[in-house]
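Notes to accompany the following structure.
Please treat every number below as a calculation from the coordinates, not as lab data. Computed from a predicted structure; not experimentally measured. Cβ atoms come from the backbone with ideal geometry, glycine included; neighbour counts cover every protein chain shown.
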Amino acid sequence: MENKERALDEGIIETAKVDEMTIKQRLINKAANLAKSGLRVVVLEKGNYFVARDYSALEGPSMFELFEAHNLLMTHDGRFRFMAGSAVGGGSVVNWSASLKTPDAIIEEWSVQRGISIFSSEKYKAAMDRVSKRIGVMPRNSSDEHYCGSCSFGCPTGEKRGTDSTWLVDAVNNNAVILTQCNAEKLILADNNAHKRRIRCLGVTASLSNQTRKKLQINAKVTVVACGSLKTPSLLASSGLKNPNIGRGLHIHPILMAWGYFPDKNSDFEGVAHEGEIVTSLHYVNEMDSTTPNITLETPAIGPGTYAALIPWVSGLTKADEENLITGLKQAVRILVAAGAAEVGTYRSDGQRLKCDGKKKEDLEAFLQTVEAPPGFVSMSKYWTHSFTAHQMGCCRMGATEKDGAIDGYGESWEAKDLYVCDASVLPTALGVNPMITIQSTAYCISNKIAELMEKKMKKD
Ligand SMILES: Cc1cc2nc3c(=O)[nH]c(=O)nc-3n(C[C@H](O)[C@H](O)[C@H](O)COP(=O)(O)OP(=O)(O)OC[C@H]3O[C@@H](n4cnc5c(N)ncnc54)[C@H](O)[C@@H]3O)c2cc1C
């Protein structure tokens, strides 16, 4: 029972829980195991491993433990909050489990107009079927009766079939090793003797964020980057890759929300009111395959903290309160300047800031004159809005040529041989529907291709 509950135990090294010697010993043991199998796979994940009994179903701790940047990653203008999972299983641990296949119009656009053949192949359609089967789609990846209401903080009943309880279990059953709290830092790149791909990827360096702070070097025949659209581009660019498509072309599905208040006794609603499920309904405003962009209505679960942060409120601040806020804020800026900051700023949506180098007292005072206490996100002066997005795509897109994309139609970097990208960042555009199935199906095709190539290579060697 215990092992079934912690399905990755066979292959996982949770670095936060073991000391340096134990990590070494376990790696040696694992390496011996790996040697028995044909291909050796090591998965590096900067987050931790959680299973059903670990989830608190509480919003605060869940945001802290399971999300990228504790779920506080915003665009510069404060308009969008980026929600992305960060744990073994990534976004699939916390997502709302709507499981939709890639729309035909998108397949057509990517395969015909953009010339990326992987999407036109029968293999891609078969991959979507295979993915849907593996993660139990109907069309959400948990059972019909499932009704926990907390899946967006990790599923406490263990029913949701996220990557951590499906694909990674398959990987571990095939002798893969997963290292947690392990941050991939730099790809190891070398000259490729003037071949078409000018460099070769030989692996990756990483560091453990556990108490040992150990640096690791993983030498690999093939390296697959799958840090998600927000993090993959920075790993590629900081390793020295130059393709101009890296970090460009981020696509998101922006979300705005409406609320309704239904006092029990006044409700005329006939039928079942769905409360607490992960995604209770999904409705397209336009026909699915029309040329107009898709508008989808969904009802995801939102915790009270997020709700409170988003809901408009009428300020109870008095004029005196406002003035106190401004005085306090100015004082804080003065303290930062006095402490020697190179640049100071407030959290106003326009990124209000002052570069301190060479500035005189009068410059600071002039800046402080502009410091104010702006209205909250959702009370909105004319151009304010607050929105968020849980779907980030693009940024290392596939392209039929090096000019069109950072990676080719099979996921390999146009610049670096043996370096693959295998996450949402490879998608050429936004697809207008929840992307999990598309990401997993694309990853499925890419990984099959890698396995094929490796098999050929091994036979040759
Ligand atoms: C709250 C929420 C609800 C959602 N609801 C749905 C839904 O209902 N249906 C749907 O289809 N999609 C949904 N999504 C979107 C979907 O989950 C994501 O699009 C998908 O998980 C992205 O997959 P990915 O492989 O690109 O990256 P991710 O799943 O984001 O995985 C990237 C992983 O890489 C790790 N990482 C990053 N950098 C490093 C590094 N340097 N070293 C080591 N590890 C690193 C991260 O910790 C993370 O675990 C939702 C997402 C969220 C956040």
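Structure above, values below:
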| quantity | calculated |
| --- | --- |
| Computed FRET value (nearest 0.05) for Ala341 with His70, which takes r as the C-beta separation and R₀ as 30 Å | 0.80 |
| Test item: Cα-centred dipole of the chain, Lys/Arg +1 and Asp/Glu -1 on Cβ, debye | 2120 |
| Rounded to whole Hz, the Karplus (6.51, -1.76, 1.60) HN-Hα couplings of region 392-409, x for glycine and proline | 10, 9, x, 5, 9, 5, 6, x, 5, 10, 4, 5, 7, x, 7, 10, 7, x |
| Amide hydrogen neighbours beyond the local backbone of Phe80, cut-off 5 Å, H modeled | Thr75, Ser387 |
| Under-18-angstrom lysine pairs by C-alpha in region 319-370, whenever the two are 8 or more apart or on separate chains | 5 |
| Nearest-20 debye value, region 319-370 charge dipole, Cβ charges on Lys, Arg, Asp, Glu | 140 |
| Sites excluded, chymotrypsin sites (Phe, Trp or Tyr not before Pro) in DSSP loops with at most 16 other C-beta within 10 Å, longest stretch of the chain | 1-146 |
| Filter on Lys417/Lys457; Lys186/Lys417; Lys125/Lys221; Lys215/Lys449; Lys46/Lys231 - keep pairs with C-alpha separation over 20 Å | Lys125/Lys221; Lys215/Lys449 |
| DSSP beta bridge pairing in the chain, given as percent antiparallel to the nearest 5 | 70 |
| Karplus (6.51, -1.76, 1.60) ³J(HN,Hα), θ = phi - 60°, over region 173-182, in Hz, Gly and Pro reported as x | 5, 9, 6, 6, 10, 10, 10, 8, 6, 10 |
| Burial order of peptide ranges 221-232, 84-95 (average beta-carbon count within 10 Å, highest first) | 84-95, 221-232 |
| Amide proton proximity set for Val225, modelled H, under 5 Å, gap of 5+ | Tyr420, Val421, Cys422 |
| Charge dipole (the chain, unit charges on Cβ, about Cα centre) - positive-most of Ser143, Tyr124, Pro304 | Tyr124 |
| Fewest-first ranking of Ile255, Ile295, using other Cβ atoms within 10 Å as the exposure measure | Ile295, Ile255 |
| Descending semi-axes in Å of region 54-156, equivalent ellipsoid built from Cα gyration tensor | 30, 21, 11 |
| Convex hull (Cα only) mean projected area of the chain, reported in nm² to one decimal | 28.3 |
| Positive-end residue, region 319-370 charge dipole about Cα centroid, Cβ charges, pick of Asn324, Tyr347, Gly358 | Gly358 |
| Packing-based exposure ordering (other Cβ within 10 Å, fewest first) of Thr299, Thr370, Thr438 | Thr370, Thr299, Thr438 |
| Descending semi-axes in Å of region 319-370, equivalent ellipsoid built from Cα gyration tensor | 19, 12, 10 |
| Interchain or long-range residues, amide H under 5 Å from Thr296's placed H | Val285 |
| Zone residues, region 438-461, relative to Glu10, backbone N less than 13 Å from point 7 Å out along Cα-to-Cβ | none |
